[in-house]
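**Q** Quick one: this structure, given as structure tokens, is what I'll be asking you about.
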Amino acid sequence: MLATQDLTIRFGGHVAVNAVTCAFEPGTLTAIVGPNGAGKTTYFNLISGQLKASAGSVHLDGRDISALSPAARTRAGLGRAFQLTNLFPNLSVQENVRLAVQSVAGGPHRHGLNLTSIWSSHRQLMARADEILQSVSMADKRDMPVSSLPHGDQRKLEVALLMALDPQVYMFDEPTAGMSHDEAPVILNLIRQLKQDKRKTILLVEHKMDVVRELADRIIVLTNGTLVADGDPAEVIASPVVQQAYLGVSADEDQRASATEVTA
């Protein structure tokens, strides 16, 4: 569904992502992990188009999307959530989701509503928005301005917007960042729900190892922008190269001390 071929970006003499070739299949959740500065978010930015690659390409469902803008990549089927929420703060919760429903590529409202739009069409958009809000347990907040929501609810709303876009690929960059211990399970449960749709591909950047172990079908590890490990979560976590480069300890040290969390 999604593939990168020799994807590379250089900032002056620094290579932030170094010729990463990787493919991601439908029905899988892949965790992208690595130490601080490993290039995880930069790799995400190259895939979603926030950064222009110095070399290499990005393919979605067999199509080369390397030349497309971020908005065009979204319309093509890439759904991206960021470390910081990216919402319309002065609009209501429902209006945020309704705009996402309206913008879906190929839908009947892709060109937007205007003064001549019939009321029945508007009601269909609102009904779909309410359905999505119900699925993320935010129906009771539908009329609240986004700016009044606590951080945890804003993260939930961002997932709702992704669901409204109905992408082929979901990309989550540290979805529980800034959330309290009580708030984080709500987002993780939403991701578990998305995993049940085996047509979808999910990519997850996450620094909490317990989350990675629980959700991931596969782990890839970046170090200094280079792909150094790829495979089954248990095998990747236990590999010596990951113990050294990712956890910062030798395999012998790891046998004496269990690492519960890794650096973002």
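The values are calculated or read from the model by the stated rules, or taken from the named source; none is laboratory data. Here the structure is a predicted model, which is why all the values come from computation and not from measurement. Cβ: placed from backbone, ideal geometry, glycine included. Neighbour counts: every protein chain shown.
The rows are residues; the columns are (1) surrounded by fewer than 16 Cβ atoms within 10 Å (Cβ to Cβ); (2) at pLDDT below 90; (3) over 30 Å from residue 41 (Cα atoms).
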site: 67; (1), (2), (3): yes, no, no
site: 84; (1), (2), (3): yes, yes, no
site: 89; (1), (2), (3): yes, yes, no
site: 110; (1), (2), (3): yes, yes, no
site: 123; (1), (2), (3): yes, yes, yes
site: 127; (1), (2), (3): yes, yes, yes
site: 133; (1), (2), (3): no, no, no
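**Q** Can I ask one more? Given the criteria surrounded by 15 or more Cβ atoms within 10 Å (Cβ to Cβ), in contact with a Pro (Cβ under 9 Å, 6 or more places away or on another chain), under 30 Å from residue 154 (Cα atoms) and among the charged types (D, E, K, R), does residue 75 qualify?
**A** no
**Q** Pairs, please: C-beta under 8 Å, at least 6 apart or cross-chain, first residue over 20 Å from residue 100 (Cα atoms) and in the range 62-73, second modelled with pLDDT under 95 and part of a helix (DSSP H, G or I)?
**A** Once the first residue is over 20 Å from residue 100 (Cα atoms) and sits in the range 62-73, its partners that are modelled with pLDDT under 95 and part of a helix (DSSP H, G or I) give 63/76; 65/72; 65/73; 65/76.
**Q** So which of 46, 99 ends up being modelled with pLDDT under 90, buried (at least 16 other Cβ atoms within 10 Å of the Cβ) and part of a helix (DSSP H, G or I)?
**A** 99
**Q** Can you pull out the residues in the range 162-203 that are of a type in the set (Ser, Thr, Tyr) and within 19 Å of residue 96 (Cβ to Cβ)?
**A** 170
**Q** Only one of (1) modelled with pLDDT under 90; (2) under 14 Å from residue 29 (Cβ atoms); (3) not aromatic (Phe, Trp, Tyr) is not met by residue 177, so which one is it?
**A** So residue 177 meets the others, but not (2).
**Q** State which residue is nearest to residue 13 (Cα to Cα) when the search covers only the range 177-228 and only residues that are surrounded by fewer than 21 Cβ atoms within 10 Å (Cβ to Cβ), of a type in the set (Ser, Thr, Tyr) and in contact (Cβ under 8 Å) with a residue 40 or more places away in the chain.
**A** Looking at the filtered set, the residue picked out is 226.
**Q** Moving on to the next point. Go through (1) over 22 Å from residue 21 (Cα atoms); (2) modelled with pLDDT under 75; (3) out of contact with any Asp or Glu (no Cβ under 7 Å at 6 or more places or on another chain) and name the single condition residue 215 misses.
**A** Failing condition for residue 215: (2).
**Q** To continue, here is another question. Tally the residues that are under 13 Å from the mean Cα position of the chain (by Cα), over 9 Å from residue 79 (Cβ atoms) and among the polar types (S, T, N, Q), restricting the search to the range 149-195.
**A** 1
**Q** When you go through 160, 129, 164 one by one, which is the residue that is more than 25 Å from residue 50 (Cβ to Cβ), assigned to a helix (DSSP H, G or I), in contact with a helix residue (DSSP H, G or I) (Cβ under 6 Å, 6 or more places away or on another chain) and in contact (Cβ under 8 Å) with a residue 12 or more places away in the chain?
**A** Being more than 25 Å from residue 50 (Cβ to Cβ), assigned to a helix (DSSP H, G or I), in contact with a helix residue (DSSP H, G or I) (Cβ under 6 Å, 6 or more places away or on another chain) and in contact (Cβ under 8 Å) with a residue 12 or more places away in the chain holds for just one of 160, 129, 164, which is 129.
**Q** Filter the range 198-217 down to the residues that are more than 15 Å from residue 172 (Cα to Cα) and either assigned to a strand (DSSP E or B) or among the hydrophobic types (A, V, I, L, M, F, W, C) (or both) and list them by number.
**A** 209, the sole residue that qualifies.
**Q** Which residues, taken from the range 15-40, are of a type in the set (Ser, Thr, Tyr) and surrounded by fewer than 19 Cβ atoms within 10 Å (Cβ to Cβ)?
**A** 21, 28
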